[in-house]
Amino acid sequence: MELIEQLMKYGLTRQEAIIYMTLHSDGELTGYEVAKLTGISRSNVYTALAGLVEKGVAYVIEESVTKYIPVDFDEFSNNFIHNLQETRQEIIKSLPKRKEESQGYITIRGNKNILNKLRNMIADTKYRIYVAVSSDILSNYTQELSELVEKDIKVVLLVDKPFELKGATVYLKEKIDCQIRLICDSHKVLTGQLSSKGEATCLYSENQNLVDVFKEMLKNEIKLIELLNQ
């Protein structure tokens with residue numbers, strides 16, 4: 001079922017994803033054969049097949065009996081991403097200018113949304129970044145952090161286990177667990193924690209007072225770590 005869910009992220013309905021997988025495993029099939037193999041009603045099968053053809057995910061073989069074959073996944077996924085990028089550029093050009101954000105406190109909910117925000121903040125860093133997070137979480141962002149180092153951007157990491165990143169300053173700190181703390185460019189803060197149970201939450205803010213408090217707190221933590229290591 002996980003593969004079905006992943007295919008649905010490419011704009012397919014659940015039935016379209018099931019039928020695409022069936023075509024992929026069984027080769028060219030008629031609508032009747034697809035219905036028989038999947039247990040989906042024939043009317044729904046033909047609707048889904050028409051959707052797959054329209055979306056460029058399946059081709060029609062016109063013979064005495066109409067058959068369908070799947071488009072190679074690499075081809076259709078590349079087409080999907082290409083079309084998405086084109087649409088993205090059109091939206092960027094047409095979207096009204098964003099109103100300047102307030103310096104309030106924004107709550108971000110859900111592990112995925114928090115990790116996406118973490119990734120975007122790393123990518124947007126221009127001068128310096130301080131990240132306090134577990135090594136397991138940070139390992140997913142090695143490429144982005146390496147790119148910052150290559151640009152001579154200061155990268156300071158507080159992690160719970162040894163972490164290799166050439167050019168970065170790394171400090172070991174116990175008991176980070178699922179906590180996330182990040183300050184970039186002395187301007188933006190992300191703090192909170194992930195959760196395996198219930199709803200994870202993080203606070204994001206550009207409030208300068210909060211940024212200053214977090215900077216001072218991290219500086220003190222780093223000083224303490226340095227003293228303990230002497």
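Values quoted throughout were computed directly from the atomic coordinates according to the rules given, and no laboratory measurement underlies them. Given the structure is predicted, the values throughout are model-derived calculations rather than measurements. As a convention, Cβ positions derive from the backbone with ideal geometry for all residues, glycine included, and neighbour counts pool all protein chains shown.
Here the chain carries DSSP beta bridges of which approximately 75% are antiparallel, counting only pairs with both residues inside. Calculated mean residue ellipticity, 222 nm, the chain: -15000 deg cm²/dmol, from DSSP H runs (n ≥ 4) at -39500 (n - 2.57) each, averaged per residue and rounded to 500. Here's how it looks for Gln193: its modeled amide H is under 5 Å from those of Ile180, Thr201, which are all 5 or more places away or on a different chain.
For trypsin sites (Lys or Arg not before Pro), the sites in the stretch 116-156 that DSSP calls loop and that have at most 12 other Cβ atoms within 10 Å are Lys126, Lys151. Of the trypsin sites (Lys or Arg not before Pro) found in the stretch 190-227, those in coil by DSSP whose Cβ has at most 12 other Cβ atoms within 10 Å are Lys197.
A cut-off of 5 Å between modelled amide H atoms, ignoring neighbours fewer than 5 places along the same chain, links Tyr171 with Leu157, Leu158, Val159. Using only Cα atoms, locate the centre of the stretch 166-230 and the centre of the stretch 37-70, then give the distance between them in Å, rounded to an integer. If you average the Cα positions of each part, the centres end up 53 Å apart.
The 3J(HN,Hα) values that the Karplus relation (6.51, -1.76, 1.60; θ = phi - 60°) gives for the stretch 132-142 are, in residue order, 10, 7, 5, 4, 4, 5, 5, 4, 6, 10, 4 Hz. Gly and Pro appear as x. Remark: the stretch 72-86, residue by residue, has Karplus-estimated 3J(HN,Hα) of 3, 4, 4, 5, 6, 5, 5, 5, 4, 5, 4, 5, 5, 5, 4 Hz, where x stands for each Gly or Pro and the curve is 6.51 cos²θ - 1.76 cosθ + 1.60 at θ = phi - 60°.
Based on the Stokes-Einstein relation at 10 °C and a viscosity of 1.306 mPa s, and on the Kirkwood radius from alpha carbon pairs, the stretch 1-75 is assigned a translational diffusion coefficient of 132 µm²/s. A cut-off of 5 Å between modelled amide H atoms, ignoring neighbours fewer than 5 places along the same chain, links Thr30 with Tyr68. In this model, which of Lys99/Lys166; Lys166/Lys197; Lys117/Lys175 are farther than 30 Å apart at the alpha-carbon? The pairs that break the limit, which is 30 Å between Cα atoms, are Lys99/Lys166; Lys166/Lys197. Near Val156, once Lys and Arg are set to +1 and Asp and Glu to -1 for all other residues with Cβ below 13 Å from its Cβ, the sum equals +4. The listed peptides 81-89, 36-44, 135-143, ordered by packing as a protection proxy, come out as 135-143, 36-44, 81-89 (highest mean of other Cβ atoms within 10 Å first). The ranking of Val213, Val71, Val170, Val57 by Cβ neighbour count inside 10 Å, starting from the fewest, reads Val213, Val170, Val71, Val57. Between Gln15, Gln179, Gln208, the residue with the greatest mean-square fluctuation in the GNM of the chain (Cα pairs under 10 Å linked by springs) is Gln15.
Among residues other than Ile61 with Cβ under 9 Å from its Cβ, the summed charge is -2 (Lys and Arg +1, Asp and Glu -1).
The GluC sites (Glu not before Pro) of the stretch 135-167 that DSSP puts in a loop, and whose beta carbon has at most 11 other beta carbons within 10 Å, are Glu164.
Orientation-averaged projection of the chain equals 17.7 nm² [convex hull of Cα atoms, one quarter of hull surface area].
What the phi angles of the stretch 115-120 give under the Karplus curve with 6.51, -1.76 and 1.60, with θ = phi - 60°, is a coupling list of 5, 5, 5, 4, 4, 5 Hz, glycine and proline written as x.
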